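Colleague: Quick one: this structure, given as structure tokens, is what I'll be asking you about.
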Amino acid sequence: MDQETTSLPRRVLVTGSAGAIGRVVAPALSQRGHFVRGYDLADSHGVDESHTGNLVDAGSVEMAIDGMDTILHLAAEPNEADFLTRLLEPNVIGLYNVFAGATKLGVKRIIIASSCQVVLNLETGGKPIRLEDGVAPPNHYALTKLWAEGMGEMYSRLYGMEVIAVRIGGFPRDRKGVERILSFNRQGLILSHDDAVRFFTCGIEVETLPTPFVILPAASKWPAAPFFDLEPARRIIGYEPQDIFPEGIPFLKELE
């Protein structure tokens, strides 16, 4: 299915723009001609504007959202951690502040980072995981990502904004991260740096969605037993992965 993409540059707020995925994706979006505002605890590089702030500060979040038509919400505690001291503020309260600010300021589309961990404990007999297979979170971090998916569905239904919840595959931050992902014995869940750029570019640039809320898997190619069934991402936003591990991961170039 051919996807119709926007001919106009978007005004995109990328939260977590100094994080592992954000520092890869945000500059690439800017290079494509979109106006990109970064928002993180630290300064962001390679973007048009850099705002610093904390997701739990609703006023700071609103200032970052003001004037944007699209939000790529990546900011979060990225790993399993203590719920009360590490996960609650960024992954629950911060998420609420982003959606509340987006509703108040008329944002048209939010792309939120869910995680492959919401389905990590599913048993499918080696078959690629489909959306209709349900969920099986192994920890509190994954539960916060199910909270994100549920909030996205509710806000799209009640307030008419478009929301894409992305079940992101394992994104290697460094060599230890690669080893950790491979230790799951589910190598097909890896999302390369280059394919992450491809995926989020598709999500931002696709003109329309078939329904206001969609959940999409995001991973790279895997010739044997892929982790996700990527058909929904192909059909809805036109995402076609190009990389097979270790392709598309800059610090693993020598392994290609």
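Colleague: Tell me which residues, restricted to the range 181-209, are surrounded by 24 or more Cβ atoms within 10 Å (Cβ to Cβ), in a loop (DSSP other than H, G, I, E, B) and not hydrophobic (A, V, I, L, M, F, W, C).
Modeller: Listed by number, the list holds a single entry, S192.
Colleague: Additional query: Test of understanding: among P217, P212, P172, which residue is of a type outside the set (D, E, K, R), touching a Ser or Thr at 6+ places or on another chain (Cβ under 9 Å) and buried (at least 24 other Cβ atoms within 10 Å of the Cβ)?
Modeller: Result of the check over P217, P212, P172: P172.
Colleague: Taking the stated definitions as given, is I181 within 20 Å of A113 (Cα to Cα), without any contact (Cβ under 8 Å) to a residue 12 or more places away in the chain, touching a Leu at 6+ places or on another chain (Cβ under 8 Å) and β-branched (V, I, T)?
Modeller: Judged against the criteria, I181 is a match.
Colleague: Now for a separate question. Can you tell me which residue within the range 125-159, out of those that are modelled with pLDDT under 95 and surrounded by fewer than 13 Cβ atoms within 10 Å (Cβ to Cβ), is farthest from the chain's Cα centre (by Cα)?
Modeller: Result: G125.
Colleague: Something else now. Condition first: surrounded by 18 or more Cβ atoms within 10 Å (Cβ to Cβ) and either assigned to a helix (DSSP H, G or I) or touching a residue at least 60 places away in the same chain (Cβ under 8 Å) (or both). Can you find one or more residues in the range 38-55 that meet it?
Modeller: No.
Colleague: Additional query: Quick check on the range 62-85. Is at least one of its residues in a helix (DSSP H, G or I), touching a Gly at 6+ places or on another chain (Cβ under 9 Å) and crowded, with 21+ Cβ neighbours inside 10 Å?
Modeller: Yes, there is a match, as at least one residue in the range 62-85 is in a helix (DSSP H, G or I), touching a Gly at 6+ places or on another chain (Cβ under 9 Å) and crowded, with 21+ Cβ neighbours inside 10 Å.
Colleague: Continuing with this model, one more query. Mind listing just one residue for me: the one in the range 220-236 that is small (G, A, S) and touching a strand residue (DSSP E or B) at 6+ places or on another chain (Cβ under 8 Å) and, of those, surrounded by the fewest Cβ atoms within 10 Å (Cβ to Cβ)?
Modeller: A233
Colleague: Now a separate question. Within the group F228, F251, which residue is on the phi < 0 side of the Ramachandran plot and within 17 Å of the chain's Cα centre (by Cα)?
Modeller: F228
Colleague: Please specify each residue of the range 165-219 satisfying the condition of being in contact with a strand residue (DSSP E or B) (Cβ under 9 Å, 6 or more places away or on another chain) and among the basic types (K, R).
Modeller: R167, R180, R186 - these are the residues of the range 165-219 that are in contact with a strand residue (DSSP E or B) (Cβ under 9 Å, 6 or more places away or on another chain) and among the basic types (K, R).
Colleague: Still on this model: Looking only at residues that are in contact with a helix residue (DSSP H, G or I) (Cβ under 9 Å, 6 or more places away or on another chain) and not in a loop (DSSP other than H, G, I, E, B) in the range 237-256, which one is surrounded by the most Cβ atoms within 10 Å (Cβ to Cβ)?
Modeller: So, considering only residues that are in contact with a helix residue (DSSP H, G or I) (Cβ under 9 Å, 6 or more places away or on another chain) and not in a loop (DSSP other than H, G, I, E, B), the one surrounded by the most Cβ atoms within 10 Å (Cβ to Cβ) is I237.
Colleague: Go through the range 123-164 and report how many residues are free of Cβ contacts under 8 Å to residues at least 24 places away in the same chain and in contact with a strand residue (DSSP E or B) (Cβ under 6 Å, 6 or more places away or on another chain).
Modeller: The total comes to 0.
The values are calculated or read from the model by the stated rules, or taken from the named source; none is laboratory data. Quick caveat: nothing in here was measured; it's all calculated off a predicted structure. Cβ: placed from backbone, ideal geometry, glycine included. Neighbour counts: every protein chain shown.
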